[in-house]
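S.K.: The following block contains the structure, expressed as structure tokens.
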Amino acid sequence: MAAALQVLPCLLRAPSRPFLWGPPVARMTSGMALAEQARQLFDSAVGAVQPGPMLQRTLSLDPSGKQLKVRDRTFQLQENLYLVGFGKAVLGMAAAADELLGQHLVQGVISVPKGIRAAVELAGKQEMLLKPHSHIQVFEGAEDNLPDRDALRAAQAIQQLAERLTADDLLLVLISGLSPLPDTLTDSAGGGSALLPAPIPPVTLEEKQTLTKLLAARGATIQELNTIRKALSQLKGGGLAQAAYPAQVVSLILSDVIGDPLEVIASGPTVASTHSVQDCLHILNHYGLRAALPRSVKTVLSRADSDPHGPHTCGHVLNVIIGSNSLALAEAQRQAEVLGYHAMVLSTAMQGDVRRVAQFYGLLARVAAACLTSSTAERPLEEEAKLHQLAAELQLPDLQLEEALEAVAKAKGPVCLLAGGEPTVQLQGSGKGGRNQELALRVGAELGKQPLGPVDVLFLSGGTDGQDGPTKVAGAWVMSDLVSQASAENLDFATFLDNNDSYTFFCSFQGGTHLLHTGLTGTNVMDVHLLVFHPQ
Ligand SMILES: Nc1ncnc2c1ncn2[C@@H]1O[C@H](COP(=O)(O)OP(=O)(O)OP(=O)(O)O)[C@@H](O)[C@H]1O
Ligand SMILES: O=C(O)[C@H](O)CO
């Protein structure tokens, strides 16, 4: 199946104009075919946020090649263009920028994760590698997502470049994150943030690392974590913009945080921080860390209020979100419509404990399946009330639940509900897995709780970076017969779930055919969830 999924994009050519009940969906009979379409939708989501297309959508040169247009702003180019970048997807972004603007680029420095060039090469993504003659210098660092000496050297080189700039110069800043939800110790430090460590003296790199790890281990959110990072950093919280002043600064940002908050993504190096020392102390208090703070941290915090990276320092900056989960979902929605689905984006902010999120999707599947297959369009009111209750508990800010149910009730044909975000796994077991595979397995278990009627239901969850936790797959897909099929194979899914061992489960289940293999994608806009219904 994996092989079948991999050749899918060439086999399943989408028709050039949309149709509602056209042949591809009407012909759909097997779960395998449904899975192939889901995979195609996932690929289209990821494709929309690839570095090349994103940069091309955002930047253009006028015919003389002397003016750079970024959205509706124009900048003069005259041997005055510089580039810096940090984050997981930045290598591909830099390669795309170099391709477009290389002839104007005086110098560039990027900080990317250790081993990324080799991984990109292995994945055959030559277009994401810089050409040998490039003026962009690459630093690899932040092994295990922790800020280390290599990342520190990169941050120093970036700072030096920025500080040399004059009012005639233009600095392009490429930003992407890596680890929005620091819910395990190993991925605690974040991507863009971890790749740009520049602690304010006398705070040392080790002290910052320890504090970050402690906060993460105690469950601090990325917003809280990055508030502290900003207060202790020379470059975060607008510090990079300040270093580059009076040059013009254009930041192109790939968002890996729910709601695309500029201040939080990679700790907002080109965004004035609105946080005060009181905010930091509140966070440190909350996680019981205030009493044990190193003297250096106390010193820097006590100085911070009198020396903030104030808003006045960011007037020379243009921050642009060039890629996000919602952009990816919009493309998958468009593609689903082309394939004949009635498609809707439910939310781009799916978050919360993976068990609750799985319950939500299970309940949603039951309610939507009933709406879709009942001849009288009667809605299962009791289950619907439970669904709304659960949705309220999950506090999903942009959830379009009522609209989606109405649309399903009217659709009476194939339906695709799309969502994105990043649920959280509280690790208890010692198995191998990732939040996407665990979510898929949990949703499969929910779908098996009671019959869904004459409709095929598929759920897919995949990380847009192509790597789900410490595994080499992006995620997995399930159908409503997962429970019965697993038991036929003597696989006790509950035992695998108890041990956070979803990867091992899916490796065995139906010969591994439910795993989503994409390889490294070169982008990262959190996760994509697809809930697909096809009336039999
Ligand atoms: N055995 C496991 N089962 C389930 N989830 C796991 C397991 N091991 C790690 N994880 C989860 O994987 C996540 C880390 O994986 P990953 O690197 O894909 O995500 P990230 O770094 O948070 O974000 P991004 O995918 O955007 O880079 C954590 O949320 C962690 O809880
Ligand atoms: O780098 C970071 O801070 C996280 O990835 C969020 O952007």
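Here is a yes/no grid of residues against (1) assigned to a helix (DSSP H, G or I); (2) closer than 28 Å to LEU205 by Cα; (3) modelled with pLDDT under 95; (4) within 28 Å of the chain's Cα centre (by Cα):
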| residue | (1), (2), (3), (4) |
| --- | --- |
| ASP260 | no, yes, no, yes |
| GLN278 | yes, yes, yes, no |
| ARG303 | yes, yes, yes, no |
| PRO308 | no, yes, yes, no |
| HIS312 | yes, no, yes, no |
| ILE321 | no, no, no, yes |
| GLU337 | yes, no, no, yes |
| GLY340 | no, no, no, yes |
| LEU346 | no, no, no, yes |
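S.K.: Follow-up question, since we're still on this one. For the stretch 446-459, indicate whether the set of residues that are closer than 18 Å to ALA328 by Cβ, in contact with a strand residue (DSSP E or B) (Cβ under 8 Å, 6 or more places away or on another chain), surrounded by 23 or more Cβ atoms within 10 Å (Cβ to Cβ) and aliphatic (A, V, I, L, M) is non-empty.
M.R.: No, there is no match, as no residue in the stretch 446-459 is closer than 18 Å to ALA328 by Cβ, in contact with a strand residue (DSSP E or B) (Cβ under 8 Å, 6 or more places away or on another chain), surrounded by 23 or more Cβ atoms within 10 Å (Cβ to Cβ) and aliphatic (A, V, I, L, M).
S.K.: For the stretch 49-107: of the residues being assigned to a loop (DSSP other than H, G, I, E, B) and either among the basic types (Lys, Arg) or within 20 Å of ASP465 (Cα to Cα) (or both), which is nearest to ligand 1 (Cβ to nearest atom)? Show your work before the answer.
M.R.: Our first condition is that a residue be assigned to a loop (DSSP other than H, G, I, E, B); within the stretch 49-107, this holds for 49-50, 62-66, 71-72, 77-80, 87-89.
Narrowing the set further to residues that are either among the basic types (Lys, Arg) or within 20 Å of ASP465 (Cα to Cα) (or both) leaves 49-50, 66, 71, 87-89.
Values: VAL49: 12, GLN50: 16, LYS66: 38, ARG71: 26, GLY87: 10, LYS88: 6, ALA89: 10 Å.
Filtering the stretch 49-107 for residues that are assigned to a loop (DSSP other than H, G, I, E, B) and either among the basic types (Lys, Arg) or within 20 Å of ASP465 (Cα to Cα) (or both), the one nearest to ligand 1 (Cβ to nearest atom) comes out as LYS88.
Quick grid of which residues meet (1) modelled with pLDDT of 95 or more; (2) out of contact with any helix residue (DSSP H, G or I) (no Cβ under 7 Å at 6 or more places or on another chain); (3) within 30 Å of ILE321 (Cα to Cα); (4) outside any loop (DSSP other than H, G, I, E, B):
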| position | (1), (2), (3), (4) |
| --- | --- |
| VAL483 | yes, no, no, yes |
| THR495 | yes, yes, no, yes |
| CYS507 | yes, yes, no, yes |
| ASN524 | no, yes, yes, no |
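S.K.: Quick test for you: out of LYS432, LYS472, pick the one residue that is at pLDDT 95 or above, in a loop (DSSP other than H, G, I, E, B) and basic (Lys, Arg).
M.R.: Numbers: LYS472 fails: at pLDDT 95 or above.
One residue alone meets the criteria, LYS432.
S.K.: Here is a follow-up. Give the residue, chosen from GLN137, GLN159, GLN107, that is modelled with pLDDT of 95 or more, of a type in the set (S, T, N, Q) and over 27 Å from the mean Cα position of the chain (by Cα).
M.R.: Details: GLN137 fails: over 27 Å from the mean Cα position of the chain (by Cα); GLN159 fails: over 27 Å from the mean Cα position of the chain (by Cα).
On inspection, the qualifying residue turns out to be GLN107.
S.K.: Would you please name the residue that is nearest to PRO246 (Cα to Cα), looking only at residues in the stretch 152-182 that are in contact with a strand residue (DSSP E or B) (Cβ under 8 Å, 6 or more places away or on another chain) and within 16 Å of ligand 1 (Cβ to nearest atom)?
M.R.: Filtering the stretch 152-182 for residues that are in contact with a strand residue (DSSP E or B) (Cβ under 8 Å, 6 or more places away or on another chain) and within 16 Å of ligand 1 (Cβ to nearest atom), the one nearest to PRO246 (Cα to Cα) comes out as ILE175.
S.K.: Go through (1) of a type in the set (D, E, K, R); (2) in a helix (DSSP H, G or I); (3) touching a residue at least 24 places away in the same chain (Cβ under 8 Å) one by one and return the number of the condition LYS298 breaks.
M.R.: (3)
S.K.: So which residues in the stretch 195-243 are assigned to a loop (DSSP other than H, G, I, E, B), away from ligand 2 (no atom under 16 Å from the Cβ) and either aromatic (Phe, Trp, Tyr) or touching a helix residue (DSSP H, G or I) at 6+ places or on another chain (Cβ under 6 Å) (or both), if there are any at all?
M.R.: Those that are assigned to a loop (DSSP other than H, G, I, E, B), away from ligand 2 (no atom under 16 Å from the Cβ) and either aromatic (Phe, Trp, Tyr) or touching a helix residue (DSSP H, G or I) at 6+ places or on another chain (Cβ under 6 Å) (or both): ILE200, PRO202, VAL203.
S.K.: Now a separate question. If you take the residues of the stretch 348-372 that are surrounded by fewer than 24 Cβ atoms within 10 Å (Cβ to Cβ) and of a type in the set (S, T, N, Q), which of them is farthest from the chain's Cα centre (by Cα)?
M.R.: Going through the qualifying residues, I end up with GLN359.
The values are calculated or read from the model by the stated rules, or taken from the named source; none is laboratory data. Not measured: the values here are computed from a predicted model. Counting neighbours? That spans all protein chains shown, and the Cβs are built from the backbone with ideal geometry, glycine included.
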